[in-house]
Amino acid sequence: MGFSRRTVLKASAASAVLGSIGAPFVARAQQAEFTYKYANNLPDSHPMNIRAKEMAAAIKTETHGRVDLQIFPNNQLGSDTDMLSQIRSGGIEFFTLSGLILSTLVPAASINGIGFAFPDYPTVWKAMDGDLGAYVRGEIRKANLEVMDKIWDNGFRQTTSSTKAINGPDDFKGFKIRVPVSPLWTSMFKAFDASPASINFNEVYSALQTKVVEGQENPLALISTAKLYEVQKYCSLTNHMWDGFWFLANRRAWEALPADIRTIVAKNINAAAEKERADTEKLNATVMADLKGKGLIFNQPDTAPFRQKLREAKFYAEWKGKYGEHAWSLLEKSVGKLA
């Protein structure tokens, strides 16, 4: 079959026109339809941010580029209280926050932090993936925020000090300890006759360095990644509370996503939470040797006297009254009798 020069020129012209029509659609498909900010208070090297990067990449792939999740770690967008205000106003779309700090807005959210309630991880996940977690998520949604199903792990919290080891409840007497901005922490350490000071996490290192406080309490992974061992000498494995991060979303931003996109985003966030849990548990279990090498001196006190002291100080009875009979019964269903 032969083609005249005119036929070839016509075909080329038509191809150029069709190409120019198609090009913008290709470009538009590659440009994110939803560019959302996800903020947190943890260092870039923490398992949360490592898994969050994988999660963001998977969401981008599975939504064919429609959702671009930008991660802002390490308090880049402000303190916890700043970012809680931002997620409520829509300044950021996603935020992970400890339930104990979220309790300033949602009182029930701090119930997982009741002192010396959880003996181990299986008990934690039984409660937080079960009825207790479902109850707390319901309370969070009443506060006009969305929340993912799986809570992320921050770990069991340990006590560090620049002055002395904590071997029993009496060692807390008069002890100047940094606590997060949350009534439950303040209440618990006051029950031990300590002197708690509420300080946002982005100011903890300097507060320890300048001796504003003697000590602080956090999971081992965070003590390591935030380099708190540089300004502390002792680490007492008190396991005094378990702490996790709820993955929160601004409601307007969440509802702006089409239903199929919401399904993909939620699926990947919850899957990343499961992986981060395993990472954090492993890291908290293995990081002790590294911290010993960096000079921290460890001890493991018996937790029974601490729990008894909280009973005597009416700590459990007080918080049972604050949370209410229903919430408290869900906690005790998983951990056994406290009050």
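The values are calculated or read from the model by the stated rules, or taken from the named source; none is laboratory data. The shown structure was predicted, so the numbers you read here are calculated from the model rather than taken from an experiment. Heads up, the Cβs are rebuilt from the backbone with ideal geometry, glycines too, and the neighbour counts pull from every protein chain shown.
Data overview
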read-out	value
Number of positions in region 31-65 that are out of contact with any Pro (no Cβ under 6 Å at 6 or more places or on another chain) and modelled with pLDDT of 95 or more	24
Within region 150-201, tally of residues that are in a loop (DSSP other than H, G, I, E, B) and among the polar types (S, T, N, Q)	5
Single condition T238 does not satisfy, out of (1) part of a helix (DSSP H, G or I); (2) touching a Pro at 6+ places or on another chain (Cβ under 8 Å)	(1)
Residue count for region 204-234, restricted to those that are closer than 21 Å to I101 by Cα and without any contact (Cβ under 8 Å) to a residue 60 or more places away in the chain	8
Number of the exception - T286 against (1) within 30 Å of A191 (Cβ to Cβ); (2) not in a loop (DSSP other than H, G, I, E, B)	(1)
Residues within region 179-215 that are over 24 Å from P107 (Cβ atoms) and in contact with a helix residue (DSSP H, G or I) (Cβ under 6 Å, 6 or more places away or on another chain), tallied	3
Count of region 67-99 residues which are surrounded by fewer than 19 Cβ atoms within 10 Å (Cβ to Cβ) and either part of a strand (DSSP E or B) or touching a Cys at 6+ places or on another chain (Cβ under 8 Å) (or both)	4
Residue pairs meeting the criteria (Cβ under 9 Å; at least 6 apart or on separate chains; first touching a residue at least 60 places away in the same chain (Cβ under 8 Å) and within 23 Å of T280 (Cβ to Cβ), in region 127-153; second surrounded by 22 or more Cβ atoms within 10 Å (Cβ to Cβ) and of a type in the set (D, E))	W152/E276; D153/D243; D153/E276
